[in-house]
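Some notes on the structure that comes next.
The values are calculated or read from the model by the stated rules, or taken from the named source; none is laboratory data. Just so we're clear, the structure is a prediction, and the values are computed from it rather than from any experiment. Reconstructed Cβ throughout: ideal geometry from the backbone, glycine too, with neighbour counts over all protein chains shown. Heads up: the accessible areas ignore ligands, DNA and RNA and are worked out on the full protein's heavy atoms, side chains in. Shrake-Rupley method; radii C 1.70, N 1.55, O 1.52, S 1.80 Å.
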Amino acid sequence: MCLSSPSSRFRYLRATESETDFAYVLALLRRGYSEHAIRSLLIAQRTSWDHHQGERRQNPYINRTIAKAKTIIQNPSGQIAPKMQTNRPT
């Protein structure tokens with residue numbers, strides 16, 4: 001597969017950094033970029049990590065963002081499987 005040059009994250013600006021990240025990740029996944037490439041591009045192009053400072057916060061955030069975008073792509077009807085219920089006492 002021949003991948004086109006990634007467009008800039010700036011093209012996907014939304015109201016928040018997280019919404020912009022999500023739109024950008026969706027676009028990259030749809031173009032066939034690997035998770036590793038998406039992670040690198042996101043780290044390089046995001047302008048503010050105020051809410052996800054440090055690798056311990058960035059990595060889980062990026063993993064969640066990619067996973068959610070993959071779910072949307074794999075389920076284009078928008079039907080997302082419900083979260084599993086636990087037997088924890090309330």
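A few notes on this one:
- Note on segment 37-79: among residues that are within 16 Å of TYR12 (Cα to Cα) and either aliphatic (A, V, I, L, M) or open to solvent by 90 Å² or more (accessible area, probe 1.4 Å) (or both), the one that is modelled with the lowest pLDDT is THR47.
- Residue within segment 49-63 that is of a type in the set (Lys, Arg) and closer than 18 Å to SER7 by Cβ present: no
- Scanning segment 1-36 for residues that are open to solvent by less than 90 Å² (accessible area, probe 1.4 Å), part of a loop (DSSP other than H, G, I, E, B) and of a type in the set (D, E, K, R) returns a single hit, ARG31.
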